[in-house]
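Contents: one structure, followed by commentary.
The values are calculated or read from the model by the stated rules, or taken from the named source; none is laboratory data. Owing to the predicted nature of the structure, the values given are computational and were not obtained by experimental measurement. With ideal geometry, Cβ positions are generated from the backbone for all residues, glycine too; neighbour counts draw on all protein chains shown.
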Amino acid sequence: MTAMGVEVSKLRRKRLWLTVLLVLGFELLWIVAILTVSLSRETTAPHTMGYAIGQASQVHAIVAPILATVVVSRLAAMEHDGAMLPVLFAANQSRGSLFLTKYAVAATISTTATVIVVAAVALVAGGQGVPADPGLMIAWLLGLVLANLGIVAIQLLLALLFQRQAVTLTVGIVGGLVGSFAGFVPPTIAAFIPWQYPGLVTPVRMEQTGGTITGFPLVDHLGVLIALVGVVGAACTAAGTAVFAHRVSR
Amino acid sequence: MSALGIERQKSKRAWILLVVAVLLVGLNVFNGAGNYLGNADIFEAQGLTWIAVWGQAGLLWAILFFPFLITVRAASLTRMEHEQANWRRLASYGAHLRIYRGKIVLLAGFVLLCQAMFVAAVLVVSLALGFDLTPSDVAAMLSWGLLGAVGGMTVAAIQLLVGILVRSFATNVAIGLVASIGSLMVTLVAPLLEAVYPYAQIGVGMRVRALDWPTLPETLGYLTGNLLLILVAVFVGRLVLRRREH
């Protein structure tokens, strides 16, 4: 059986889907509530797809790092719990292969969750009469998928290196909560904080005048931001694999 | 050795979470002070001083960061007993309920300590910003901080129960976080439910939205409601531990 097949078979009795459903279901509920309420009000800002993305991204910026953290923590904890890491290495699974397999599973789950969130935003906004904007939605989706990569890599490395999952969960969740400030932090600073990437790649930014939201204009240099997030994600993955391959778990 | 002493011995690395608590208190109070300075002319026109800092700093602290700290601490305390079948070992010599009591007392101490740090930080920042704090202002900070700690104990008791029921540390934390962020939804969508939603109790006690003294009936209702929630959570926790097949 391939490394990926083994990983998937281990998940069968772990009920990971329940945890994912809890976090993702909550996020969807929150987004649907926010969009339903905000799109049914008369506002100064025009009700465009950018408006819907701007509203939903505030929620997703908090939840995306939390979901990624919880998933990688569960994936790593199942090896730590049964003291399985030495057994796997004795059975000739390389450290690099273990990291990449778990990374692929976590990235797939995060990507699937992202696709569901973006689709839900498009459907709810479309259902409220907001004109479709496929280009903007695809740019947002692409950015979010790439934004997950760096977070998954860093959190997975912590989860595998430290047996106590409190470490990885604290870092990831504090990162997620701090990530909720992404809209208020200049992109040049947010670029150094991977947990802020889901907020950083949001294609629109809230514009306010005297405390009133006046619109969600497109951000400048979105392509550069998405490319940067993708490069950092790839670098984190490569660095995570290399570090885990050469370190001893504690 | 007392149950509390045993639990303290078992949590040798608890100081790490206290460091995180200090950082989060700092982040929130810094955010509150920054918001005050950014809108100083508006707040001065309204005659608001420390209360503006309290409201801004307390909102995210009460809704997100403080429940998160309590959740992680509670999950750590229960997780260690799920490892190597410790609940079974403790039950085999009838110590499981005593240990549970020790965990509740230890968590109560953690809640009080975190809340004391928050109140102290707001006090220091308020003095640094040059506010003239009257004894009544300090009394308000202490009272609201203490009421918030009662709400924190409610979250703690429920999270300990979740920790007894759910083995996975990550799932425990996820449940606590989702429930805590849920209080933000309750606050925005259905403010009337704030009074009964357990995870919204910290914010209600700290008066982060009302920003005024609660009336006596409000205070009594709040204390009674929270006491009831704590007692129910502890009762169910004991029941689960007693009836579980160890």
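Scanning the stretch B:194-246 for residues that are more than 17 Å from the chain's Cα centre (by Cα), at pLDDT below 90 and not in a helix (DSSP H, G or I) yields a total of 6.
Please tell me if residue A:164 is surrounded by 15 or more Cβ atoms within 10 Å (Cβ to Cβ), modelled with pLDDT under 90 and within 24 Å of residue B:69 (Cβ to Cβ). So residue A:164 passes the test.
Among the residues of the stretch A:206-223, write down those that are under 16 Å from residue A:188 (Cβ atoms) and either among the polar types (S, T, N, Q) or more than 19 Å from the chain's Cα centre (by Cα) (or both).
Once the filter is applied, which keeps residues that are under 16 Å from residue A:188 (Cβ atoms) and either among the polar types (S, T, N, Q) or more than 19 Å from the chain's Cα centre (by Cα) (or both), the stretch A:206-223 yields A:219, A:220, A:221.
Scanning the stretch A:133-161 for residues that are crowded, with 19+ Cβ neighbours inside 10 Å and among the β-branched types (Val, Ile, Thr) yields A:145, A:151, A:152, A:154. When the stretch A:41-77 is filtered for residues that are of a type in the set (Gly, Ala, Ser), assigned to a helix (DSSP H, G or I) and more than 14 Å from residue A:175 (Cβ to Cβ), the ones remaining, listed by number, are A:50, A:52, A:54, A:56, A:57, A:76, A:77. Selection of the stretch A:190-213 for residues being surrounded by 11 or more Cβ atoms within 10 Å (Cβ to Cβ) and either modelled with pLDDT under 80 or among the aliphatic types (A, V, I, L, M) (or both) yields A:190, A:191, A:193, A:200, A:201, A:204, A:206, A:208, A:213. Filtering A:157, A:169, A:225, A:177 for residues that are assigned to a helix (DSSP H, G or I), away from chain B (no Cβ under 14 Å) and closer than 17 Å to residue A:70 by Cβ leaves a single hit, A:157. Would you be able to tell me the number of residues in the stretch A:39-75 that are within 11 Å of chain B (Cβ to nearest Cβ) and among the hydroxyl-bearing types (Ser, Thr, Tyr)? Going through the stretch A:39-75 one residue at a time, the tally reaches 2. Of the set (1) β-branched (Val, Ile, Thr); (2) farther than 30 Å from residue A:242 by Cα; (3) facing another protein chain (nearest Cβ under 10 Å); (4) touching a residue at least 60 places away in the same chain (Cβ under 8 Å), all apply to residue A:31 but (3).
Taking the listed residues B:161, B:184, B:129, B:133, the one that is farther than 22 Å from residue B:207 by Cα, over 13 Å from the mean Cα position of the chain (by Cα) and touching a residue at least 24 places away in the same chain (Cβ under 8 Å) is B:161, with no other qualifying. Against the numbered list (1) under 20 Å from residue A:205 (Cα atoms); (2) within 21 Å of the chain's Cα centre (by Cα); (3) within 14 Å of chain B (Cβ to nearest Cβ), residue A:16 comes up short only at (1).
For the stretch B:102-120, the condition of being within 14 Å of chain A (Cβ to nearest Cβ), of a type in the set (Val, Ile, Thr) and assigned to a helix (DSSP H, G or I) holds for none of the residues. For residue B:169, the conditions (1) modelled with pLDDT of 95 or more; (2) within 14 Å of chain A (Cβ to nearest Cβ) all hold with the exception of (1). Of all residues in the stretch B:215-246, how many are exposed (fewer than 13 other Cβ atoms within 10 Å of the Cβ) and of a type in the set (Asp, Glu)? The total comes to 1. Residue pairs whose Cβ atoms lie under 6 Å apart, separated by 6 or more positions or on different chains, with the first residue in the stretch B:230-244 and under 15 Å from residue B:155 (Cα atoms) and the second buried (at least 17 other Cβ atoms within 10 Å of the Cβ) and among the hydroxyl-bearing types (Ser, Thr, Tyr), are B:230/B:154. Per the listing B:93, B:36, the residue uniquely of a type in the set (Ser, Thr, Tyr) and closer than 30 Å to residue B:242 by Cα is B:93.
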